[in-house]
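Throughout, read-outs are computed from the coordinates displayed, never taken from laboratory work. Bear in mind that the values here come from a model prediction, so they are computed numbers and not experimental data. Ideal geometry is used to build each Cβ from the backbone, glycine not excepted, and the neighbour counts take in all protein chains shown.
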There are 2 protein chains.
Amino acid sequence: MTIRTIEVREKVMARNDELAMQVRSRLRDHGVTALNLVSSPGAGKTTLLERTLADLGDELRIAVVAGDVQTHNDASRLEALTDRLVQAVVTGGACHMDARQVSTALDAIDLERTDLVFIENVGNLVCPASWDLGEAEKIVLFSVPEGEDKPVKYPRMFREAGCAILNKTDLLPHVPFDLDRAIAYLREVNPDQHLILTSALTGDGLEVWYAYLRSKLGAAVAE
Amino acid sequence: MTIRTIEVREKVMARNDELAMQVRSRLRDHGVTALNLVSSPGAGKTTLLERTLADLGDELRIAVVAGDVQTHNDASRLEALTDRLVQAVVTGGACHMDARQVSTALDAIDLERTDLVFIENVGNLVCPASWDLGEAEKIVLFSVPEGEDKPVKYPRMFREAGCAILNKTDLLPHVPFDLDRAIAYLREVNPDQHLILTSALTGDGLEVWYAYLRSKLGAAVAE
């Protein structure tokens, strides 16, 4: 990249960070916890949210901002499961969501009547790591069939996320996957990260995930 | 994005396209076929290349340019299997490889003694779609556990690729995956794309993949 490219990029990032701080402060004022879900394509973000909405929909007031490159597929899947607002964001080819998109999506959500906002980011383990959306925390999903080495191959994302979910544990008997090695890789890049093992398909481990969510509610959110 | 951001981006892309044309012409001069492998993280690009090097290494002179965001993991896995040159490219955080990186990597490869160059791109279904690397063709892998909808969710990548490989077919009995629906999605975005079903783990379908590779050798390459 040329110096000029880098300069322009830095300005765009600085503007995003500023907007993200505004989003964060707005969420805090309403006591809303926002979690930014990031992963590879097909790691199971939407299925995890489907289960979460079905299981916690009566207990918590949950809204979703579902980002996608081109389609509304994820938003449509989730809308079927909740009377809470699901806001679809189409990035139009961009490899990540940005704080402006989240800010606009939040305009349509009654934050006074919301406990938790899930931001379902674009399926991508690289770009979303650099974009602050004003969330309380990034949650990174990776799934058993992707292999053990994702944390070391995409270290920035795994360092940025406060919590990692290893999903599709139901496939452990069917693929070569060394769980101890995966955990060692994870600890190598982020020793303090919360780790939760789930199968969003069978429901295994979801109670631990729900307990984690409850622990995050109304959190005074650090940057 | 502001107008200035778009202008700078267009200049960077134009410069890349120019370099890609130089790479393409250089490869053609030496009768080398280059294939650009793209996929989600963990779809099986490296495992497919491991098998391909092991099975075709005596028949074809294959070199690999393996790109990764931060590590040399993939290059190291492949180096163990071939005495052919494996060139590691680390993008240093970038979400895709570019033509300059490929051009530099090719400097170290004896193209006169090479039939086929695999470029293993960064695991990402968004960014690599926009970056021409001078390849003869993009090959997109997607894998059964990722779900059927990848083609419609990442349409640009599936439109850009001349061939799609649906990998990890060994997992079909263990996950909810509707093969007819996946093929219908694929046809929706790219009716003419070559489709190959493989399990790089068990070896199923690899003979079809190898026949496809043979059909591409020494191809006079269109843009």
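Put a point 7 Å out from Cα along the line to Cβ at B:ALA184; what are the distances to that point in the other copies, in nm, shortest first?
4.6
Please identify, among B:ASP55, B:ASP180, B:ASP98, the residue showing maximal mean-square fluctuation in a Gaussian network model of chain B using a 10 angstrom Cα cutoff.
Looking only at B:ASP55, B:ASP180, B:ASP98, the largest GNM fluctuation is found for B:ASP180.
HN-Hα J couplings of region B:135-152 from phi, Karplus 6.51/-1.76/1.60, θ = phi - 60°, integer Hz, Gly and Pro as x?
Each residue of region B:135-152 in turn: 6, 6, 7, 8, 10, 9, 9, 9, 10, 3, x, 6, x, 6, 8, 4, x, 7 Hz.
Plugging the Kirkwood radius over Cα pairs into Stokes-Einstein for region B:2-222, at a temperature of 25 °C and a viscosity of 0.890 mPa s, what D comes out in µm²/s?
Working: Rh = 17.7 Å.
Approximately 139 µm²/s, per Stokes-Einstein.
Pick from B:MET21, B:MET13, B:MET97: which residue has the top mean-square fluctuation in a GNM of chain B where Cα pairs under 10 Å get a spring?
Among B:MET21, B:MET13, B:MET97, the largest GNM mean-square fluctuation belongs to B:MET13.
Please compute, for peptide A:158-165, the average count of beta-carbon atoms on other protein chains lying within 10 Å of each residue's beta-carbon.
Details: counts 0, 0, 0, 0, 0, 0, 0, 0.
Mean partner shielding for this stretch: 0.
Give me the orientation-averaged projected area of the Cα convex hull of the protein assembly as shown, in nm², one decimal. Please report the intermediate quantities before stating the final value.
Numbers: hull surface 80.8 nm².
Average projection, Cα convex hull of the protein assembly as shown: 20.2 nm².
For the pair B:GLU59/B:MET13, report the inter-label distance in nm, with labels modelled 7 Å from Cα in the Cβ direction.
3.9
Relative contact order of chain A, please, whole-number percent, based on alpha carbon pairs below 8 angstrom and at least 6 residues apart. Don't skip to the end; give the middle numbers.
Numbers: 414 pairs, mean separation 56.5, N = 223.
Across chain A, relative contact order equals 25 percent.
If you find the alpha carbon centre of region A:166-212 and of region A:60-104, how far apart are they in angstrom?
25
7 Å from Cα along Cα→Cβ at both A:HIS30 and B:ASP180: what's the point-to-point distance in nm?
Going by the 7 Å Cα→Cβ label model, 4.4 nm.
What Kirkwood hydrodynamic radius do you get for region B:162-211 when you take the inverse of the mean 1/r over all pairs of distinct Cα atoms, in Å? Before the final figure, lay out each step's value.
Details: mean 1/r = 0.0864 Å⁻¹.
Result for region B:162-211, one decimal place: 11.6 Å.
With the crude spin-label approximation of a point 7 Å out along Cα→Cβ, what separation in nm comes out for B:ASN73 versus A:ASP204?
2.2
In deg cm²/dmol and to the nearest 500, what is the mean residue ellipticity at 222 nm of chain A if only DSSP H runs of at least 4 residues count, each as -39500 (n - 2.57), divided by the residue total?
Details: 8 runs with 87 residues, N = 223.
So the calculated ellipticity at 222 nm is -12000 deg cm²/dmol.
Quick check for me: using +1 on Lys/Arg Cβ and -1 on Asp/Glu Cβ, what's the dipole size of region A:2-222 about its Cα centre, in debye to the nearest 20? Walk me through the numbers on the way to the answer.
Working: 24 positive and 33 negative charges, 112 e Å.
Here the size comes out at about 540 debye.
Which distances in nm, rounded to one decimal and ordered from shortest, link the label point of A:HIS30 to the equivalent label points in the other identical copies, with labels set 7 Å from Cα toward Cβ?
5.8
Can you list, shortest first in nanometers, how far A:GLU7 lies from the same residue in the other copies, with each label 7 Å from Cα toward Cβ?
Result for A:GLU7, in nm, nearest copy first: 1.2.
How well do other chains shield peptide A:62-70, expressed as the mean number of their Cβ atoms within 10 Å of each residue Cβ?
Numbers: counts 0, 0, 0, 0, 0, 0, 2, 8, 7.
For peptide A:62-70, the averaged partner shielding equals 2.
Based on Cβ point charges of +1 for Lys and Arg and -1 for Asp and Glu, what charge dipole magnitude is obtained for the protein assembly as shown about its Cα centre, in debye rounded to the nearest 20?
Numbers: 48 positive and 68 negative charges, 172 e Å.
Charge dipole of the protein assembly as shown: 820 debye, to the nearest 20.
When 1/r is averaged over all different Cα pairs and the result inverted, which Kirkwood radius in Å belongs to region A:1-51?
Values: mean 1/r = 0.0716 Å⁻¹.
Computed over region A:1-51, the radius equals 14.0 Å.
How many partner chain Cβ atoms sit within 10 Å of a residue's Cβ in peptide A:93-100, on average, as a whole number? Don't jump to the answer; show the numbers that get you there.
Numbers: counts 6, 3, 9, 3, 0, 1, 0, 0.
If you average over the peptide's residues, the count of other-chain Cβ atoms is 3.
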